[in-house]
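See below for the structure under consideration.
The values are calculated or read from the model by the stated rules, or taken from the named source; none is laboratory data. All figures in this text were calculated on a predicted structure; none of them were measured in a lab. Please note: Cβ atoms are built from the backbone with ideal geometry, for glycine as well, and neighbour counts cover all protein chains shown. For the accessible areas, the whole protein counts, side chains as well, though only heavy atoms, and no ligand, DNA or RNA atoms are used. Shrake-Rupley method; radii C 1.70, N 1.55, O 1.52, S 1.80 Å.
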Amino acid sequence: MRPTRLDATQIDAALCDLPLWQREAGPEGAVSLHRDFVFPDFNAAFGFMSRVAMMAERLDHHPDWSNTYNRVTINLSTHDAGGVTELDLRLARFCDAVVAASEPAAKP
Ligand code: HBI
C-alpha cells in the first residue's frame with residue numbers, strides 16, 4: 001500500500017524522537033528529512049552507508065545521499081508520495097540505530 005504523506009505538524013512530532021534530523025523544504029517545495037553524519041574516517045562512513053543501503057533495498061526505499069571522505073549527508077523523502085512518509089521515519093530511525101551500534105559504549 002502506498003504510504004501517506006505526512007504534514008509538517010506530524011513530521012515535527014515524529015522528530016521529537018529523532019532530534020538530529022531536521023525537516024527541510026527543497027527548492028521545489030518538496031519536504032525531506034535531513035541529517036549530516038560525521039564519522040572517524042572514510043571506512044566508518046562507507047561501512048555505515050553499506051548497512052543503510054542493504055536496509056534501503058529491503059524496504060525498497062532509498063535515501064538521497066552524498067559522501068565526502070568521513071561525511072555522509074542524507075535526505076529522506078518518499079518520491080512517489082511527494083514528501084515525507086512513515087517509510088522515511090523508519091529509515092531515519094535505522095540510520096540512527098546503525099550509528100548507535102557502532103559507537104563505543106559509554107563508560108560505566
Ligand atoms: N525511494 N526514497 C524513495 N522514494 C520512493 O518513492 C521510492 C524509492 N525507492 C524505490 C521506489 N520508490 C519504487 O517504488 C519505484 O517507484 C522505483
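Can you give the alpha-carbon Rg of region 3-53 over 2.2 N^0.38 Å, where N counts its residues?
Numbers: Rg = 13.8 Å, N = 51, 2.2 N^0.38 = 9.8 Å.
The reported ratio for this selection is 1.41.
Give the Cα extents of region 37-90 along the principal axes, in whole Å, largest first.
On the principal axes, region 37-90 reaches 35, 19, 13 Å in Cα extent.
Rounded to whole Å and sorted largest first, what semi-axes of the equivalent ellipsoid does the C-alpha gyration tensor of the chain yield via the square root of 5 times each eigenvalue?
24, 15, 13
What number comes out for accessible area per residue over the chain if the probe is 1.4 Å? Units Å², please.
64 Å²
Taking H placed 1.01 Å from N in the peptide plane, check which residues at least 5 places from THR78 or on another chain put their amide H under 5 Å from its amide H.
Close amide H contacts, sequence-distant or interchain: GLY83, VAL84, THR85.
Ignoring ligands, DNA and RNA, please state the percent of accessible area on the chain from carbon and sulfur, probe 1.4 Å.
Numbers: 3700 of 6960 Å².
Carbon plus sulfur share of accessible area: 53 percent.
Amide H of HIS61: which non-local residues (sequence gap of 5 or more, or other chain) have their own amide H closer than 5 Å, using H built in the peptide plane?
Those lying under 5 Å, H to H, from HIS61: there are none.
Quick one: compute the contact order of region 8-101, relative version, from alpha carbon pairs under 8 angstrom and 6+ residues apart, as a percent.
That works out to 28 percent.
Count neighbours as other Cβ atoms within 10 Å of each site's Cβ, and list the chymotrypsin sites (Phe, Trp or Tyr not before Pro) in region 18-70 that are DSSP loop with at most 11 such neighbours.
Counting only loop positions with at most 11 other Cβ atoms within 10 Å, the chymotrypsin sites (Phe, Trp or Tyr not before Pro) in region 18-70 are TYR69.
What helices in the chain pass both tests, a Cα length along the helix axis of 15 Å or more and a mean Kyte hydropathy of 0.5 or higher, using whole DSSP H runs?
Membrane-span-like by this criterion, though nothing is claimed about a membrane: 42-59, 86-102.
Rounded to the nearest Å, what's the spacing between the alpha carbon centres of region 24-38 and region 43-86? Just the number, please.
First find each Cα centre; the distance between them is then 12 Å.
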